[in-house]
Amino acid sequence: TGAIILIIGFSIFTGGFSSFRGENERFVMVFHENVYGLHEGGKVTLNGVRIGRVERFFLGDATEDGPVPVLVEINRKLVRRHMVEKDNQLFNEDGFFKKDVLNRLEAKLVQESFVTGILYINLTTGVQSNEDRKLYGFREIPTSDSIFAELSESINLEKLSQQVSDLMVTSTEKLSSLE
């Protein structure tokens, strides 16, 4: 009985039951890159301040290098703790995103640490978008490529491979001529 009371108390204290009451906002973000390092329960931030968590992934709509839809939960308890009460530009008095802000939100994968490889989602306010798309019954927030996706697109792996191969041939020839 004591353990059950502790678990319930801990869940209430940390806001774990808030999702059952439907008080939190949920959004879907579709990433067109590898999300290795992003886990359920991973953090969701707004300009670097934690406001939510990754709730689940939707796999199976596409194969191989297909997009990965991710459901996130924005915890109103966290939002209300950090938001300013008067003249708030981002949130209404209940801790929900304002409609005009929702139309400007953009998500990006960020690597928390190079050592651990852990990823998290950072939300920023970008350019106004008039689209109000829904996916799996939740509003979709547009995404932009992470720094790593942009780098991998800009690097020509075929050319790099050829240059490394040429370097190896030249090095072998030079070493052989020294003998």
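Taking region 54-82, which residues are more than 15 Å from the chain's Cα centre (by Cα), modelled with pLDDT under 90 and among the hydrophobic types (A, V, I, L, M, F, W, C)?
Leu59, Ala62
I'd like to check something: does region 106-117 contain any residue that is closer than 16 Å to Arg139 by Cβ, surrounded by fewer than 17 Cβ atoms within 10 Å (Cβ to Cβ), without any contact (Cβ under 8 Å) to a residue 60 or more places away in the chain and within 20 Å of the chain's Cα centre (by Cα)?
From region 106-117, those closer than 16 Å to Arg139 by Cβ are 106-107; that's our starting set.
Pick out the ones that are also surrounded by fewer than 17 Cβ atoms within 10 Å (Cβ to Cβ) and you get 106.
Cutting the leftovers down to without any contact (Cβ under 8 Å) to a residue 60 or more places away in the chain gives us 106.
Checking the rest, the ones that are also within 20 Å of the chain's Cα centre (by Cα) come to 106.
Yes, because at least one residue in region 106-117 is closer than 16 Å to Arg139 by Cβ, surrounded by fewer than 17 Cβ atoms within 10 Å (Cβ to Cβ), without any contact (Cβ under 8 Å) to a residue 60 or more places away in the chain and within 20 Å of the chain's Cα centre (by Cα).
For Val72, indicate whether it is aliphatic (A, V, I, L, M) and open to solvent by 70 Å² or more (accessible area, probe 1.4 Å). I'd like the intermediate steps shown before the answer.
Values: aliphatic (A, V, I, L, M): yes; open to solvent by 70 Å² or more (accessible area, probe 1.4 Å): no.
Considered against the rule, which asks whether it is aliphatic (A, V, I, L, M) and open to solvent by 70 Å² or more (accessible area, probe 1.4 Å), Val72 comes out as no.
I need the full set of residues from region 118-129 which are open to solvent by 60 Å² or more (accessible area, probe 1.4 Å) and within 19 Å of Val44 (Cα to Cα), in order please.
Keep residues of region 118-129 that are open to solvent by 60 Å² or more (accessible area, probe 1.4 Å), which gives 118, 127-128.
Ile118, the sole residue that qualifies.
Identify, from the list Asp132, Asp145, the residue that is open to solvent by less than 70 Å² (accessible area, probe 1.4 Å), closer than 19 Å to Val30 by Cα, modelled with pLDDT under 85 and not small (Gly, Ala, Ser). Please lay out each step first, then the result.
Working: Asp132 fails: open to solvent by less than 70 Å² (accessible area, probe 1.4 Å).
Exactly one residue qualifies, and that residue is Asp145.
Residues being of a type outside the set (Val, Ile, Thr) and open to solvent by less than 30 Å² (accessible area, probe 1.4 Å): count how many of those fall in region 79-105. Quick ask: steps written out before the conclusion?
Within region 79-105, the first condition is being of a type outside the set (Val, Ile, Thr), and the residues that meet it are 80-83, 85-100, 102-105.
Right, trim to open to solvent by less than 30 Å² (accessible area, probe 1.4 Å) and you get 83, 88, 91, 95, 97, 102-103, 105.
Of the residues in region 79-105, 8 are of a type outside the set (Val, Ile, Thr) and open to solvent by less than 30 Å² (accessible area, probe 1.4 Å).
Select from region 24-42 the residues that are touching a Ser or Thr at 6+ places or on another chain (Cβ under 9 Å) and in a strand (DSSP E or B) and write down the one among them that is modelled with the highest pLDDT.
That would be Arg26.
If you go through region 43-52 one residue at a time, do you hit one that is part of a loop (DSSP other than H, G, I, E, B), surrounded by 15 or more Cβ atoms within 10 Å (Cβ to Cβ) and either in contact (Cβ under 8 Å) with a residue 12 or more places away in the chain or touching a Cys at 6+ places or on another chain (Cβ under 8 Å) (or both)? Break it down into steps so the answer makes sense when it comes.
So the first thing to find is which residues in region 43-52 are part of a loop (DSSP other than H, G, I, E, B), and the list is 47-48.
Remaining after also requiring surrounded by 15 or more Cβ atoms within 10 Å (Cβ to Cβ): none.
No, that holds for no residue.
The values are calculated or read from the model by the stated rules, or taken from the named source; none is laboratory data. This structure is a prediction, so every number in the text was calculated from the model and none was measured. Glycine also receives a Cβ, built like all others from the backbone with ideal geometry; neighbour counts cover every protein chain displayed. Heads up: the accessible areas ignore ligands, DNA and RNA and are worked out on the full protein's heavy atoms, side chains in. Shrake-Rupley method; radii C 1.70, N 1.55, O 1.52, S 1.80 Å.
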